[in-house]
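Following: one structure in structure tokens, then a few remarks.
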Amino acid sequence: MKVTPSLKKEEVERKWWLVDAEGKILGRLASQIAKILMGKHKAQYTPHADCGDFVVVINAEKIRVTGKKMEQKLYRSHSGYPGNLKEFTLREMLERNPKKVIYLAVKRMLPKNRLRKRRLKRLKIYVGNSHPHHAQNPQPLNLET
């Protein structure tokens, strides 16, 4: 009988991908980025091994959402002190910190396990068109909207 090969962390080859978020729908963009961070696009995907690639996202402030989510979607944070619940709409979050909107969407689409923090470190998000990762030669990723 043949044994199914299992990927070891020494055998992982990581590529760099460049994603332009301009005009992309937030949820669909986040799910495709999460798939690349996990490594599900590779033939040698192994669920218990961290075999994903690096993703560089540019133009984070130019994402789109459908429906009335700009006013109705809420982001909540609580410090633990009584009466300190803070709520922001998606529009306010995009004005304050557009990188955090994409970060939270991708984070919440990754599996909740020990590999999530390591996978999120490979996600690089930038406002605007420039990024400092030219030396890694990221390949443009063609995402359908």
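The values are calculated or read from the model by the stated rules, or taken from the named source; none is laboratory data. Note that the structure is predicted; figures quoted are calculated from it, not measured. Neighbour counts run over all protein chains shown; Cβ positions are idealised from the backbone, glycine included.
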(Q) Return the pair list, or none, for Cβ contacts closer than 8 Å from residues in segment 38-52 that are among the acidic types (Asp, Glu) to residues that are surrounded by 12 or more Cβ atoms within 10 Å (Cβ to Cβ) and at pLDDT below 90, at least 6 apart or on different chains. (A) Asp50/Val12
Q | Lone qualifier among Leu90, Leu123, Leu141, Leu74 - being surrounded by 15 or more Cβ atoms within 10 Å (Cβ to Cβ) and more than 21 Å from Leu18 (Cα to Cα) | A | Leu90
Q: Filter segment 109-145 down to residues that are free of Cβ contacts under 8 Å to residues at least 40 places away in the same chain, under 15 Å from the mean Cα position of the chain (by Cα) and in a helix (DSSP H, G or I), then give me how many there are.
A: 2
Q. Considering segment 109-145 alone, what residues qualify as being under 12 Å from Val57 (Cβ atoms) and small (Gly, Ala, Ser)?
A. Gly128
Q: Could you pull out the residue among Ala30, Ala21 that is under 20 Å from Pro98 (Cβ atoms), in contact (Cβ under 8 Å) with a residue 40 or more places away in the chain, out of contact with any Asp or Glu (no Cβ under 9 Å at 6 or more places or on another chain) and not polar (S, T, N, Q)?
A: Ala30
Q | Tally, over segment 70-84, of residues that are outside any strand (DSSP E or B) and touching a residue at least 12 places away in the same chain (Cβ under 8 Å) | A | 4
Q) Could you list, in sequence order, the residues of segment 1-24 that are surrounded by 15 or more Cβ atoms within 10 Å (Cβ to Cβ) and either polar (S, T, N, Q) or modelled with pLDDT of 90 or more (or both)? A) Lys15, Trp16, Trp17, Leu18, Val19, Asp20, Ala21, Lys24
Q) Any idea which of (1) under 24 Å from Pro5 (Cβ atoms); (2) in a helix (DSSP H, G or I); (3) in contact with a helix residue (DSSP H, G or I) (Cβ under 7 Å, 6 or more places away or on another chain) is the one Lys35 doesn't satisfy? A) (3)
**Q.** Filter result for Gly39 (under 15 Å from the mean Cα position of the chain (by Cα) and on the phi > 0 side of the Ramachandran plot)
**A.** yes
(Q) Quick check on segment 89-100. Is at least one of its residues modelled with pLDDT of 95 or more, over 27 Å from Glu144 (Cβ atoms) and in a strand (DSSP E or B)? (A) yes
